[in-house]
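In what follows, a structure is listed as structure tokens, so that the remarks can point back to it.
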Amino acid sequence: HLHKGKLNPKELYSDWDLTPKEIALSPLLEFAIKEKKIKSTLNQIKPQHIIYQSIKKSLIEIDKFPNIPFENINPKKKKIVIGDTLPELVYIKKRLLYWRDYQNNDSIYTWAYDSITLKAVKRFQARHGLATDGVIGISTLKALNTTKKERKEQILANLERWRWYSQSMGDKYIIVNIPDYMLHYVVNNDTISTHRVVVGTPKRKTPIMSSTLSNFVFNPTWTIPPTIIKEDLTPAATKNRNYFSSKQLTIYDNKGNQITPEEWMPEKSNQYKYVQKPSYNNSLGVVKFNFPNRHSVYLHDTNHREYFVKTYRSLSSGCVRVEDPLLLAKHILNDTHLNKWSNTKIDSILKLEKTKTVSLKDSVKVHLLYWTSWLKNGKLQFRDDIYKLDKKIISENK
């Protein structure tokens, strides 16, 4: 249980794609007993990663909060903004005080949404990965109404899931936290680069998996996958054949012959191959990061770069879109190719708009993982359980 958790993730999740952790317990325990090192041996088989340690600390931290009942805050106004005067603001202020985001020595709580409350709301929103606009809407109220008991269950669910992850992430690795919409490139335990990402929607989830980066593709073409052909391309192109030219798509039949939009037959749409030519506005953008996996997912740039400013970024078809991916590519190439890839060299390749694949000379692991709680600067952090992975663990343990 300490090493690989109590539950079997493959029985809980349909798209879980991590290799089960194995451990030879008998010789390990025999050594521990013989050498009188039982405690240290048991500690060694727990996850050692800094994030797991952070989640453990958050479990200690949440136990410091008092066990008091939460009344559901349900104001009639859908959005509460600064300057509003409502009776529910008394309960909101008390809730913010409970979570230590509200800092006011005055024990009298008025109905007014004042500047002190605004700062408290923004602190609370930041800790929950919400837009820090001070507007108390549906998402902020949902977080405010989540009890200590529910948050503790969430932390325990994350500790269980981290025990399913690999004990060693590698010396160089990319780690994506799906619910936090963030990517970190780590070398020898130092974070070299951090990027916002867009991940799969709840209907087209980004899988939980680990792999090894195999190559970069600069100026990639994009071949449309079957799901998008069925759900997006076919309905749109059936209404308007100009869809193909607007998306810069070339159509090929099953013999590899190029056909015109006029020759295209909607009823046979899944029998064609659709390829988008390289460009800055290609759906994959200017660079793609490949790694072997059975889900056909990868990291890539995007032509929807405006999505990165959104708070909710569960918007893709399963692949992970990376903000400023060229910076990530340059960091990795410099680390693995001994600084042989200058910015000028990369820029000249991009200007040609011709596809170029660069294989990696060194191992860089890729981990697409999922955790919704941790501790940052002594403050509890929580994220929305976008794929309901916490919910399944919590319900299984009840």
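The values are calculated or read from the model by the stated rules, or taken from the named source; none is laboratory data. Bear in mind that the values here come from a model prediction, so they are computed numbers and not experimental data. Positions of Cβ are generated from backbone atoms using ideal geometry, with glycine treated the same way; all protein chains shown enter the neighbour counts. These area figures cover heavy atoms from the full protein model, side chains too; ligands, DNA and RNA do not enter into them. Shrake-Rupley method; radii C 1.70, N 1.55, O 1.52, S 1.80 Å.
What to note about this one:
- Residue in the range 79-90 that is open to solvent by 60 Å² or more (accessible area, probe 1.4 Å), part of a loop (DSSP other than H, G, I, E, B), at pLDDT below 95 and over 18 Å from Ile155 (Cβ atoms) present: no
- Residue match in the range 151-169 (condition: crowded, with 17+ Cβ neighbours inside 10 Å, assigned to a helix (DSSP H, G or I) and touching a Pro at 6+ places or on another chain (Cβ under 8 Å)): yes
- Filtered residues of the range 347-365 (kept if farther than 18 Å from Pro292 by Cα and not in a strand (DSSP E or B)): Asp347, Ser348, Ile349, Leu350, Lys351, Leu352, Glu353, Lys354, Thr355
- Every condition in (1) assigned to a helix (DSSP H, G or I); (2) out of contact with any strand residue (DSSP E or B) (no Cβ under 7 Å at 6 or more places or on another chain) holds for Asp133 except the one numbered (1).
- Looking only at the range 259-268, residues that are touching a Lys or Arg at 6+ places or on another chain (Cβ under 8 Å) and surrounded by 13 or more Cβ atoms within 10 Å (Cβ to Cβ) come to 2 in all.
- Looking across Tyr298, Tyr274, one residue alone is at pLDDT 95 or above and open to solvent by less than 10 Å² (accessible area, probe 1.4 Å). It is Tyr274.
- From the options Val186, Val217, residue that is crowded, with 16+ Cβ neighbours inside 10 Å and without any contact (Cβ under 8 Å) to a residue 24 or more places away in the chain: Val186
- Condition check for Lys64: surrounded by fewer than 13 Cβ atoms within 10 Å (Cβ to Cβ) and over 33 Å from the mean Cα position of the chain (by Cα): no
- When the criteria are applied in full, Ser316 meets the requirement of being open to solvent by less than 60 Å² (accessible area, probe 1.4 Å) and under 14 Å from the mean Cα position of the chain (by Cα).
- Within the range 98-120, considering residues that are of a type in the set (S, T, N, Q), closer than 21 Å to Phe65 by Cα and at pLDDT below 95, the one surrounded by the fewest Cβ atoms within 10 Å (Cβ to Cβ): Asn105
- Only helices (runs of 4 or more DSSP H) whose full extent lies in the range 1-45 are considered here, and the ones with at least 3 residues that are more than 21 Å from Leu159 (Cβ to Cβ) and among the aliphatic types (A, V, I, L, M) are 25-34.
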